[in-house]
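K.L.:
Take this structure first; my questions come after.
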Amino acid sequence: MKIIISATTKCQKFTTLLQHLTQFTELINITFSNEGVYFQGLDGSHCCLFECKINKEWFDSYEYVEKNPQTNLGINIKIMYKILNIRKDNQSIEIYTTSKTDKLNVDLIYIDDNSSKNFDKFFEMPLFNIDVVNMNIVMDETDVDLVIQSKRMCELMSELILFNQNLTMNFNEEKIKMIASGEMGKMEVRIDLDNVAEYAIGEGIEITESYSINHINMMCNFCKLNTDFVMGFVKEKPMKGTYNLSLIHI
């Protein structure tokens, strides 16, 4: 198994992805298959779940020739992020396995640069046996679909959490409201439908649900992956947040 990411923007986004996954968990099983890469996990409270699918076409090079239909590699995300955070501009990321089945290799290689001042870097990180079974995630048909600028959503959450850690969201055909109310006072945000990228709600439907702002912030931290944050809401069910980046889904 070997994957290569050469494009600078993709390297940055892949590093961002690993960086913020550390807020959920430390160890994950990454599944490599002929289709691409997949992994999922829960935060410590078991209230917020992440799922990541990266199709093989997203990578600049994706090599997977195995007898088994898929291979699971248990890695420590914090170690991986420390390595990727060392990467300099104009360095590609190469991740691969060798005959050392208990190690994962990560190389940071300069692209088209013969300067003696630049140094390629080579790392080994341990692999772990992680006994976990992936959940079969079935999404209900949404009652409300909302697409808003990622940075704007982050800004709103950073302001609303000053008043309460819980957020009440109200949706109807005319407007969207976000409310945080507590001992420090109350903040209400009224969002005109013309100020969001997309909004869809069933005719005659009005929904009011409450969520943890801390958990929404965990989603918002991935805002550099895409300028738009896609959300889906179902009455009395968890909300869903998605960042779409060509063939990567989080």
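K.L.:
At a Cα cut-off below 23 Å, give the lysines reachable from Lys56, other chains included and same-chain residues fewer than 8 away excluded.
P.N.:
Cross-link targets: Lys2, Lys10, Lys13, Lys67, Lys103, Lys224.
K.L.:
Within a Cβ distance under 10 Å of Ile179, other residues only, what is the Lys/Arg minus Asp/Glu net charge?
P.N.:
+2
K.L.:
So which cysteines of the chain have no other cysteine's Cβ under 4.7 Å from theirs?
P.N.:
Lone cysteines by the Cβ rule: Cys11, Cys47, Cys48, Cys52, Cys223.
K.L.:
Using Cα pairs under 8 angstrom and six or more residues apart, how large is the relative contact order of the chain, in percent?
P.N.:
The normalised contact order for the chain reaches 19 percent.
K.L.:
While we're on this one: What order do you get for 198-211, 79-92 when each peptide is scored by the mean count of other beta carbon atoms within 10 Å, highest first?
P.N.:
Peptide ranking by packing, descending: 79-92, 198-211.
K.L.:
Can you give the helix-only mean residue ellipticity at 222 nm for the chain, where every DSSP H stretch with n ≥ 4 adds -39500 (n - 2.57) and the sum goes over all residues, rounded to the nearest 500 deg cm²/dmol?
P.N.:
Calculated at 222 nm, the ellipticity per residue is -5000 deg cm²/dmol.
K.L.:
Suppose R0 equals 25 Å. What FRET efficiency, 1/(1 + (r/R0)^6) with r the Cβ-Cβ distance, do Lys88 and Lys53 give to the nearest 0.05?
P.N.:
0.30
K.L.:
Can you give me the angle between helix 150-160 and the longest principal axis of the chain, using Cα atoms only, in degrees from 0 to 90, rounded to the nearest 10?
P.N.:
Value to nearest ten degrees: 60.
K.L.:
Hey, what do the phi angles of the range 188-202 turn into as Karplus ³J(HN,Hα) couplings, whole Hz, using 6.51/-1.76/1.60 and θ = phi - 60°, x for Gly and Pro?
P.N.:
Karplus-based 3J(HN,Hα) across the range 188-202 equals 10, 10, 10, 9, 5, 5, 6, 9, 10, 5, 8, 7, 9, 8, x Hz.
Bear in mind that the values in this text are calculations on the coordinates, not laboratory data. This structure is a prediction, so every number in the text was calculated from the model and none was measured. We place every Cβ from the backbone using ideal geometry, glycine too, and count neighbours over all the protein chains shown.
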